[in-house]
Amino acid sequence: MNLKDYLSAKKKIIDIELDKYMPKETEYPQIIHEAIRYSVFSGGKRLRPILVLASGGIFLQDERKLLPAACAIELIHNYSLVHDDLPAMDDDEYRRGRLTSHKKFGEDIAILAGDALLTVAFEILSEEVKDSKLALKIINLISKAIGTFGMIGGQVVDISWDKDKTELPELEFVCTHKTGALIAVSLRVGAVLSGASKAEEDALYEYGKLIGIAFQITDDILDEEQDGKKGFNYPAFLGVEESRRRANDLINKALAKLYIFDKRADILRQIAQFIAGRKE
Ligand code: GRG
């Protein structure tokens, strides 16, 4: 299957599954259910859950075992975007081409919608990963990836850096933690759920870390090239050309991590190439 077909087929499966987990808009108190559905079903690429499926898909034919965790990770991603858009953080008016949650529902509901998305993710993990030992392991891995030594830590450094003092290592920290940690754990979760060996799990996790940084660098390049947004990002430090070179270098290193796998990892190889060349 080519990558475009794979991505669109998996996105459909994930959307159907997410719909099952999200309370209906008619459920009381309606406003919060409307707000969480508004953010979740607004056209995200579903990259992280697709990475869970692609990683686990190396070892498993039946992806039903992977879907709850894949959805939980997507919900966590959506929580992070809703909170990141708030006036206290990035203060963004639009996301995925529509009003951000706080612009549409007010700040109070947007904060609660983010909280609800994070909470429901752990509800899903604790209920739907049927092997309780595995569930505990996955919950632990994800909590670490999104906590103060992971995504939240990256966000803290991102919002608190000083224009005149920021150096490249801080930018790298933001990149690996804010963006990379959730991407990397997606690969790891797929591996753990599907019974990969420790060496296989480690290889996939390393691949995830590398594509996670490359993903952020290409995001920065797109911001600069398409939206003219200037910020403390890779193009600002290194220029567009060097940033692109760095992203390609990371992708090559990520591809090298997959050498232990046969053609069942081809989708991950294609995803890595896609990240390097992405235009959205
Ligand atoms: C608020 C705790 C907290 C954390 C926020 C991830 C994050 C941390 C903020 C997002 C800021 C941002 C836009 C970072 C750039 C990289 C990135 C994560 C882009 C969005 O991910 P995509 O492109 O989004 O996968 P879609 O819309 O496809 O789901």
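Points worth noting:
- Extended-chain gain in nm, criterion 0.36 nm per residue less alpha-carbon gap, residue 222 and residue 143: 25.5 nm
- Surface per residue (accessible, 1.4 Å probe) for the chain, Å²: 48 Å²
- Here residue 103 is the anchor, and the lysines within straight C-alpha reach of less than 24 Å, apart from those fewer than 8 places off in the same chain, are 24, 45, 178, 229, 230.
- For the stretch 3-277, the Cβ-based charge dipole about the Cα centre amounts to some 1000 debye (Lys, Arg positive; Asp, Glu negative; other atoms uncharged).
- Heavy atoms of residue 139: accessible area, 1.4 Å probe, square angstrom to 10: 40 Å²
- Shown are 241, 170, 27, 17, whose ranking by accessible area with a 1.4 Å probe and every protein chain present, most to least, is 241, 27, 170, 17.
- Convex hull volume of the C-alpha atoms in the stretch 113-172, normalised per residue: 81 Å³.
- Exposure rank, largest accessible area first [225, 172; 1.4 Å]: 225, 172
- Estimated from helical segments only, the mean residue ellipticity of the chain at 222 nm is -22500 deg cm²/dmol, where each DSSP H run of four or more residues counts as -39500 (n - 2.57).
- Ranking 36, 13 from most to least accessible surface, computed with a 1.4 Å probe over the protein chains only, gives 13, 36.
- Options 239, 214, 157, ranked by Cα towards positive dipole end of the stretch 3-277, top entry (Cβ charges): 214
- Diagonalising the gyration tensor over the Cα atoms of the stretch 3-277 and scaling each eigenvalue by 5 before taking the square root yields semi-axes of 26, 26, 16 Å, largest first.
- Length gained on full extension, residue 24 to residue 240: 73.3 nm, using 0.36 nm per residue less the C-alpha separation.
- Ignoring lysines fewer than eight residues from residue 137 along the same chain, the ones with Cα atoms less than 20 angstrom from its Cα are 65, 198, 209.
- Percent accessible area from carbon and sulfur atoms, the stretch 15-150, protein chains only, probe 1.4 Å: 53 percent
The values are calculated or read from the model by the stated rules, or taken from the named source; none is laboratory data. Model, not experiment: these values are computed from the prediction. Methodologically, a virtual Cβ is constructed for each residue, glycine included, from the backbone with ideal geometry; neighbour enumeration extends over all protein chains shown. Accessible surface areas use protein heavy atoms only, side chains included; no ligands, DNA or RNA. Shrake-Rupley method; radii C 1.70, N 1.55, O 1.52, S 1.80 Å.
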